[in-house]
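Each remark here refers to the structure printed beneath this line.
FYI, it's all coordinate maths here, none of it is from the lab. In this text, all values refer to a predicted model and were calculated from it rather than measured experimentally. We place every Cβ from the backbone using ideal geometry, glycine too, and count neighbours over all the protein chains shown.
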């Protein structure tokens, strides 16, 4: 059976490395993005250029989108020159984090034009996108998800969340809330320990050998905070967007989230202090300012 033609819209921090992996795997790939330099890099790998989402949808049977906000996803999928106007597309796979209500809205509108929508938000950051080790949370028709497996396998591990539109998005939102909450509380603990006289690397060694182990102590803090590069690759604005989406969905369902609400406030204050584009690991700097102490570069990081 011949491989389907693929489109990829959105070549940002996550989208470009994912599209790159598909190009390197030899898929018939058409790409579109406002960043000409990113498009040129994919064209150099054999991809075809398209001027806009409609042009992609006229050339590709399966379209992947990796976009920053729900509004952009809706415009790309349903706008005047959106995917919905293309004549060849039959499946739209949204790799973005938009929330279940947007996913359902897009799925219903595309279905009226015989296009199947699949949620497929991802977790694992830019490094996971480059290595092909992402977690991909899919939902939608089981038969379509099965057909997508050979393509998605180039991006990471697929975890099927169910038939309902939006289930993958809900899974991604609660996953990201858990992740950023772990970062917030681990940052507080790290700053407290440093002020008490503990070495930050020793603290991480203990956390990771015991019950305090989490994604921040294993990855984010040693990679972006202890060397004080603050370059994990996820902006405060995007983390705040995901957290807000999760809390909005929880409120709509009548689920109280007091801890999540506190984390949203910390993100809001981090954004106010350091800007939208600051890496979300910068929240440790906010806590340092309050505590009057700075987490030093670990001797291990200098070796």
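Spacing of the modelled spin labels on residue 112 and residue 13, each 7 Å from Cα toward Cβ, amounts to 3.5 nm. Once you order the gyration tensor axes a ≥ b ≥ c over the Cα atoms, which shape class does the stretch 65-217 get: rounded for a/c under 1.5, otherwise prolate or oblate by comparing a/b with b/c? It comes out prolate by the Cα gyration axes. Between residue 36 and residue 291, the C-beta separation translates, for a Förster distance of 41 Å, into a calculated FRET efficiency of about 0.35. For residue 153 and residue 90, the difference between the fully extended length at 0.36 nm per residue and the C-alpha to C-alpha distance is 20.7 nm.
Between the helical axis of 100-111 and the longest alpha-carbon principal axis of the chain there is an angle of about 10 degrees. Using 0.36 nm per residue and subtracting the Cα-Cα separation, the extra length available between residue 127 and residue 259 on full extension is 44.7 nm. Bridge orientation summary for the chain: considering DSSP beta bridges with both residues in this region, about 15 percent are antiparallel. When each of the peptides 116-124, 231-239 is scored by the mean number of other C-beta atoms lying within 10 Å of its residues, the order from highest to lowest reads 116-124, 231-239. Computed over the stretch 170-302, the quotient of the alpha carbon radius of gyration and 2.2 N^0.38 Å is 1.04. Between residue 69 and residue 195, what FRET efficiency comes out of the Förster formula 1/(1 + (r/R0)^6) with R0 = 35 Å and r the beta carbon distance, rounded to 0.05? Once the sixth-power term is evaluated, E becomes 0.40.
Helical content of the chain, expressed as a calculated mean residue ellipticity at 222 nm, amounts to -15000 deg cm²/dmol (DSSP H runs of 4 or more residues, -39,500 (n - 2.57) each, divided by residue number, nearest 500).
Kirkwood radius, the stretch 15-114, all distinct C-alpha pairs, inverse of mean reciprocal distance: 13.6 Å. Computed on the stretch 6-164, with alpha-carbon pairs under 8 angstrom and 6+ residues apart, the relative contact order is 19 percent.
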